[in-house]
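First the structure, in the form of structure tokens, and then the observations on it.
The values are calculated or read from the model by the stated rules, or taken from the named source; none is laboratory data. Since we're looking at a predicted model, the values are computed, not measured. So basically every Cβ, Gly included, is an ideal-geometry build from the backbone, and we count neighbours across all protein chains shown. The protein model used for the area step is the full one, side chains on, heavy atoms only, and it has no ligands, DNA or RNA in it. Shrake-Rupley method; radii C 1.70, N 1.55, O 1.52, S 1.80 Å.
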Amino acid sequence: MFIDTVKPRQYSELRVNTIVKKFRAKCARTLFGGFGMTRIISWGLGLLGLLLVATTGFALEVSGRVVEADGSPVPNVRIRIVGGAMPYSRTVFTADDGTFSAEYDKATAANLNVEAFRIGWREYKRKVSKAVDGLRLELGMQRDANVADQVPPSAWLRGDPNSQAFQMTTLQCSNCHQLGAARVRNFSKTLANQPIGDRSEAWVTRAADDLAGNNKDKSAVPAHGRVAGWEAIVQYMRYVTMYLGDPPQLRWKLQKDSVFYNALLAPATSLFIPQDMAIVVPNLARNFPVAFDSLTDYDDLERLGQYGVNKKTVIDEFVLPTFGWTREVALSPKSDKVYFVETDKDRLGALDPNTGAVKWYPIPAKGQQGPHTMNSDADGNIWMGLEDSFNIAKFDTAQEKWRLYPPPEGTLFGVTHDFAYNSDRHVEADSKGRVWITDMGKNELWAINTTSGDIKTYRMPLPVGESHFHSLMYGAAIDTKHNRVWWAQMHGNVGSIDTQRDVAERLIQFPKGAGPRRLAIQEDGTLWVPLFGAGQLVKIDGETGVELGRYSLPDRGAGPYGITYDKRRNAIWAATCNSDRIYRFDIAEKRWRHYPLPRRDSYIRMIELDPATNDVWTSYAALPVGKRDPKAFGTESANNIIVRLRPGD
């Protein structure tokens, strides 16, 4: 944001480095005399940039206070600083007294962008001064009733969160990207003059055209310019789901016109079945707005809940300028690196968070591999499900060696997905020396003998009215003390298998739309289930299968994708898709708190805890893959970033 275009209510993000030269030519003038408010802010930082020219390794301290016009402090303001060499950004928050402080390594004042943000507040003045080791900012903020440009995407889905329509819409429309993303809102604006009935048809048509346009192989798209009914829209959606990357490639080892390819285009066995769309699309027509310029009935504390941040909270972003799909991260107890997958590039990466350096480890196999989900084990290995080859990969972080476990002989289709992990979020073998993984494509669990490589498969009970593919066998957790592996179907149930007898033993049913997803388990066998569609967290007695409690997120449209049990804090961390924040549930207090992430479009799928520091790690993992508009997101790599949260407790 340049000084010539900044408006008084928009100047919280400053690109001060662009005006240092201009300042030098006018340095004889009084700093705050006669330039107007928008220029005062930038020129103040420009002067300090000249005074604080830093050498490599210099730690610049940015501190200050945020107050209202009457001097009252404003807490929970997100102060995001960009401009150092590494990490890409550092975010801190104001305390109850309005103060904040951050140290940013290898930074100069002239290169910094400093943004102050809290929903419901606008910055209206800024005073910058030189401090002993950096910058001092005195910020003035005032309340603003209209928060339309500030709220997370979840704010735009209206309706009753307890209704099947609300939950089905969240479940179906947030699997790959945020439901209230800008491109969705832009389309919805075009429906403002249409009756609700016509909006339904427009949503159907737009979805078909949009999804078809995402695939660049136009010859393979069914030859429908418009869609007359449900079967056509479902056909487009089924088609696009089978592709990933730029340029798009078929996933899951599919071949065009093969039996499995055609089966996934058939309504009964696809991801998007007509009976689901018959609920979702009319709900969008009724409850998704068509105007987005004004939103005045939104209070951040009422809608999002209590903040978990304090003056010690720090969030760092580490940019990976490779524009791949950094879907997940994993930390090994035997390494100080942060491991991550780039699914579309068939490789494992290791980030050094101290230097920002990345070392790459291509998967040693021919053809597409699709590293998808990942977890470490107690011995320092990183396990990965390779969804495009059905292989299971193990990477020894100490010796930097791979072992690939091929799928069972004769496997023609599958989607190797989530490992069954323990209370440390580690892959752990059962009493027979087997690790377990879900096959999302066939409603199966696979048991892999880690020594011989032998794999046995077990198909789980099918929910009523579902197909084996559409039930979506997803998350898993292992309880070795009780010889039990738990599993979750996104469109069905939660259940368990007895690993001694290898038979299903528990079945916990959830209503359509609830969306049980990635699980967490405690040492005593207590199971935690996030309901992606319902926006809730369920506590289950692992021995009896009885529900012990259900706790709604303050933001019911947040979309809790995956959860992680935190032993040290006795808490559950929830990665959400639609709220641009991480939620934390304190078990003893039965209390939710949230930690706002530094940017919009913060779609996250998992939470990993550092075994040494207990820092919280995740990655932005929205689709589609590829570059983002730097004008909207600050950097082309906005969707290729690893994130570290230090909660400050």
Could you check, for region 529-538, whether at least one of its residues is touching a His at 6+ places or on another chain (Cβ under 9 Å), open to solvent by less than 20 Å² (accessible area, probe 1.4 Å) and either within 22 Å of A621 (Cα to Cα) or among the small types (G, A, S) (or both)? no
Those residues that are free of Cβ contacts under 8 Å to residues at least 12 places away in the same chain and assigned to a loop (DSSP other than H, G, I, E, B), I need them from region 614-649; list them, please. D629
Across region 451-460, the tally of residues that are open to solvent by 50 Å² or more (accessible area, probe 1.4 Å) and either under 30 Å from the mean Cα position of the chain (by Cα) or not basic (K, R) (or both) stands at 5
Among (1) assigned to a helix (DSSP H, G or I); (2) within 13 Å of R599 (Cα to Cα) - the single one A110 does not satisfy: (2)
Considering only region 486-497, I want to know if a residue exists there that is open to solvent by 50 Å² or more (accessible area, probe 1.4 Å) and either in a loop (DSSP other than H, G, I, E, B) or at pLDDT 95 or above (or both). no
Please indicate, with yes or no, whether at least one residue in region 580-589 is in contact with a Cys (Cβ under 7 Å, 6 or more places away or on another chain) and not in a loop (DSSP other than H, G, I, E, B). no
Within region 158-180, the residues that are outside any helix (DSSP H, G or I) and open to solvent by 20 Å² or more (accessible area, probe 1.4 Å) are R158, G159, D160, P161, N162, S163, N175, C176, H177
Residues D586, D629, D601, D610: which one is at pLDDT below 95 and surrounded by fewer than 17 Cβ atoms within 10 Å (Cβ to Cβ)? D629
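For region 590-609, how many residues are of a type in the set (A, V, I, L, M, F, W, C), farther than 26 Å from S332 by Cα and not in a strand (DSSP E or B)? If you could, list the steps in order and put the result at the bottom.
We begin by selecting, within region 590-609, every residue of a type in the set (A, V, I, L, M, F, W, C); these are 592, 597, 604, 606-607, 609.
After this cut, where a residue has to be farther than 26 Å from S332 by Cα as well, the list is 592.
If we keep only those that are not in a strand (DSSP E or B) as well, we get none.
The qualifying residues number 0.
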Quick check: is even one residue across region 94-110 touching a Ser or Thr at 6+ places or on another chain (Cβ under 8 Å), within 27 Å of I641 (Cα to Cα), open to solvent by less than 20 Å² (accessible area, probe 1.4 Å) and in contact (Cβ under 8 Å) with a residue 40 or more places away in the chain? yes
Counting only residues that are in a helix (DSSP H, G or I) and either buried (at least 17 other Cβ atoms within 10 Å of the Cβ) or among the aromatic types (F, W, Y) (or both), how many does region 252-268 have? 4
From the list D144, D96, D133, which residue is over 26 Å from the mean Cα position of the chain (by Cα), under 17 Å from T313 (Cα atoms) and of a type in the set (D, E, K, R)? D96
For region 277-336, how many residues meet the condition of being surrounded by fewer than 18 Cβ atoms within 10 Å (Cβ to Cβ), among the polar types (S, T, N, Q) and not in a helix (DSSP H, G or I)? 6
All positions within region 288-344 that are at pLDDT below 95, over 30 Å from P371 (Cβ atoms) and of a type in the set (A, V, I, L, M): V290, A291
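Here's the yes/no breakdown for (1) among the acidic types (D, E); (2) over 21 Å from I119 (Cα atoms):
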position: C577; (1), (2): no, no
position: D580; (1), (2): yes, no
position: R600; (1), (2): no, no
position: E608; (1), (2): yes, yes
position: S619; (1), (2): no, yes
position: T635; (1), (2): no, yes
Among the residues listed as D396, D379, D352, the single one being at pLDDT 95 or above, open to solvent by 10 Å² or more (accessible area, probe 1.4 Å) and under 22 Å from the mean Cα position of the chain (by Cα): D352
With the first residue restricted to region 342-366 and required to be under 14 Å from R327 (Cβ atoms), and the second required to be in a strand (DSSP E or B) and among the hydroxyl-bearing types (S, T, Y), Cβ contacts under 6 Å at 6 or more apart or on different chains are L348/Y361
Find the residue count for region 59-68, including only residues that are touching a strand residue (DSSP E or B) at 6+ places or on another chain (Cβ under 6 Å) and farther than 28 Å from T108 by Cα. 0
